[in-house]
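Reading through the structure tokens given below for one structure.
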Amino acid sequence: MFDSLYIAWKHLCFHKVKTLILVAAISVTLFLPAGVDALVDECAQQLRQRAAQTPLLIGAKGSETELVLNSLYFESNPPADTSMKALERVQSSGYAEAIPLYVRFRAREKPVVGTTLDYFSFRELRVGAGRQFAMLGECVLGVDAADQLELRPGQSLLSQSENVFDLAGAYPLRMNVVGVLEPSGSPDDSAVFVDVKTAWIIAGLGHGHQDLGEDASSDSLLEKDGQRLTANASVPTYTEITSANVASFHFHGDPVDFPLTGVLAVPEDRRSRALLRGRFQGTDEASQIVEPSAVMEKLLATILRVRTIVLVGALLLSVATTLVVVLVFALSLRIRRQELETMRKIGATRFAVFLIVAWEILVVLGLSGGIAVSLTFLTRQLSGPAIRWFLL
Amino acid sequence: MVEISELDFTYPRHGFRLCVEQLRVNAGEQLALIGPSGSGKSTLLNLMAGIVVPAKGTVCVDGSDLGSLSSSARGELRLTTIGLVFQSFELLDYLTVWENVLLPFRLNRALKLTPQVFELAEHLLEELELSGKRGRYPNQLSQGERQRVAIGRALVTEPGLVLADEPTGNLDPLSKTRVLDLLLASAAKHEVAVVVVTHDHALLDRFETAYEVGLSKTGEPWTEISKVAGK
């Protein structure tokens, strides 16, 4: 037994390249379905986990998937705006705590999440370095965002315009980084958090500029009619909020109409949850209320269908690889016929010769299986961070 | 060592027939089989080795009638009693010189690798002037060196008989005599009977006995053997 294994091993070692190619091909073939399965499982688990942690979402009527992906993962196109009215309806109902979300802008490709401090309590996010935002224009970064943007408290970050062709739109706002969150293993790690009012300033709903009542600004003043002042374009508009100019920042319009992309509702119990859902289910209702886990299950059903397709593909690939491997072994045996015949002539039994060939196949399959199992194990171990990195 | 009597062997498909009335190879004897290609020299060697068995007649090696033994028993007998040397060396290209010499011990449980075996293998490599090349692979050796490795492999089991099928057929004239002399000298030293198939008449003077394998003298359409030289 050991001698047959010894000869088989020597043969495999001597033909290193052939052996490595065979092992690699079989490993990949074995790993592919298991790896895909592990990745999809992890992906589904993470998507479910985040959704399960979010009881209800309220947003403008439209795509439920966009609302959930935007509010939970800060991904996808922003859904149609809802408004602060929706937030007030939840609050006034008394059935749930309401947390505003305004996720429309980006800063160096990271999502800018406009919300309130309640969001941090709800998601159990803690500040690891620096402090929470306390003033307009301040931001707190998720740990990955801080790492990737190489920012720390005391530095600043410029918001991006929503549309580069929006020349009449809002100016980019220079935000002061005041804190970095502890890692949470969620999409929050990659986000930039600001107060919802700061997000509205980025949206151009509020701004700060030089006080036109001062003498120095008299050159810019075109008309003064009681309290109404009209100025020309030379009035400087601030692009950064500082303690010196924060008082000059103000909003135009009725705050109850200010936009949100979603409202996160946290009901106290199942009854409150049901009652709150009822409030938003009228046919003439402009808002929709969704259960993220239900929406996510629909999305996952699609992902799982894709997994089935991938697995069928992997199965076909396995069949093709098996045929190629069988062919390689068959050709190898044909080439080695003389050598095996010599062993027989010298005195090897048929079984001993069979054992040598069998060992070679077993060693190749064993190595491939070992590599495939190791890769699958590694995938399962690393898929969490990988999924967060690639998907979330 | 080998006793053949009333042997009648045929390859029906090829219309080949070999008849040997009587042939004896004594212990330690060095015998040559000569004849043209296709005359049946290699077949006779295969019969002596028990690789093929005759339909009629007997081939006894070391007292055992090969025809009465099973295939595996013949294999075991071959491994323990007979050393084989082939024209094209038949070394395993993925084993080193040392591993090739010791190959028979890894093919059948009938042989065990012991310190004495390693000592003998070491000694044989020295005798065959291969000591410095024990770690090389066959493709790193000359033709003559390869055949010397094959001789070492044939002798390492301390057989009573070595059957060599045209061992010099693939060698240049210089290597030819050198390899054959080494084979015969080693065999003599270890008191091993040797049967060598060749079609080179110039080599016959090195053997005690020579038989020619050729067409029947009586004009029958089969091959017979006849003594052409020796005591």
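Anything in segment A:345-362 that is facing chain B (nearest Cβ under 7 Å) and either exposed (fewer than 14 other Cβ atoms within 10 Å of the Cβ) or small (Gly, Ala, Ser) (or both)? List them, or say none.
Selection gives A:347, A:348, A:352.
Any chance segment A:24-36 includes a residue that's over 30 Å from residue B:98 (Cβ atoms), under 22 Å from the mean Cα position of the chain (by Cα) and either surrounded by 17 or more Cβ atoms within 10 Å (Cβ to Cβ) or within 14 Å of chain B (Cβ to nearest Cβ) (or both)?
Yes, the conditions are met somewhere in segment A:24-36.
Can you tell me how many residues within segment A:335-363 are assigned to a helix (DSSP H, G or I) and more than 60 Å from the chain's Cα centre (by Cα)?
Total satisfying the criteria: 6.
Which members of segment B:102-119 meet the condition of being at the interface with chain A (Cβ under 10 Å from one of its Cβ atoms), in a helix (DSSP H, G or I) and hydrophobic (A, V, I, L, M, F, W, C)?
Matches in segment B:102-119: B:103, B:105.
Among (1) over 29 Å from the mean Cα position of the chain (by Cα); (2) over 25 Å from residue A:80 (Cβ atoms), where does residue A:304 come up short?
(1)
Can you confirm whether segment A:48-70 contains a residue that is away from every other protein chain (no Cβ under 14 Å) and of a type in the set (Asp, Glu)?
yes
Do we have residue B:85 as crowded, with 22+ Cβ neighbours inside 10 Å, of a type outside the set (Lys, Arg), more than 30 Å from residue B:211 (Cβ to Cβ) and more than 9 Å from every other protein chain (Cβ to nearest Cβ) here?
Spelling it out, it is not the case that residue B:85 is crowded, with 22+ Cβ neighbours inside 10 Å, of a type outside the set (Lys, Arg), more than 30 Å from residue B:211 (Cβ to Cβ) and more than 9 Å from every other protein chain (Cβ to nearest Cβ).
Check B:188, B:210 and return the single one that is modelled with pLDDT of 85 or more and either crowded, with 21+ Cβ neighbours inside 10 Å or closer than 30 Å to residue B:6 by Cβ (or both).
Result: B:210 is the single residue among B:188, B:210 that is modelled with pLDDT of 85 or more and either crowded, with 21+ Cβ neighbours inside 10 Å or closer than 30 Å to residue B:6 by Cβ (or both).
Taking the conditions exactly as written (away from chain A (no Cβ under 14 Å), out of contact with any Asp or Glu (no Cβ under 9 Å at 6 or more places or on another chain) and surrounded by fewer than 17 Cβ atoms within 10 Å (Cβ to Cβ)), does residue B:72 satisfy them or not?
When the stated conditions are applied, residue B:72 does not pass them.
Please pick out the residue among B:97, B:101 that is under 22 Å from residue B:184 (Cβ atoms), of a type in the set (Val, Ile, Thr), at pLDDT 90 or above and more than 19 Å from the chain's Cα centre (by Cα).
B:97
For segment A:327-344: of the residues being among the β-branched types (Val, Ile, Thr) and within 12 Å of chain B (Cβ to nearest Cβ), which is surrounded by the most Cβ atoms within 10 Å (Cβ to Cβ)?
Among them, the one singled out is A:342.
Right, residue A:242: modelled with pLDDT under 90 and polar (S, T, N, Q) or not?
Considered against the rule, which asks whether it is modelled with pLDDT under 90 and polar (S, T, N, Q), residue A:242 comes out as yes.
The values are calculated or read from the model by the stated rules, or taken from the named source; none is laboratory data. These figures come from a predicted structure and were not determined experimentally. Counting neighbours? That spans all protein chains shown, and the Cβs are built from the backbone with ideal geometry, glycine included.
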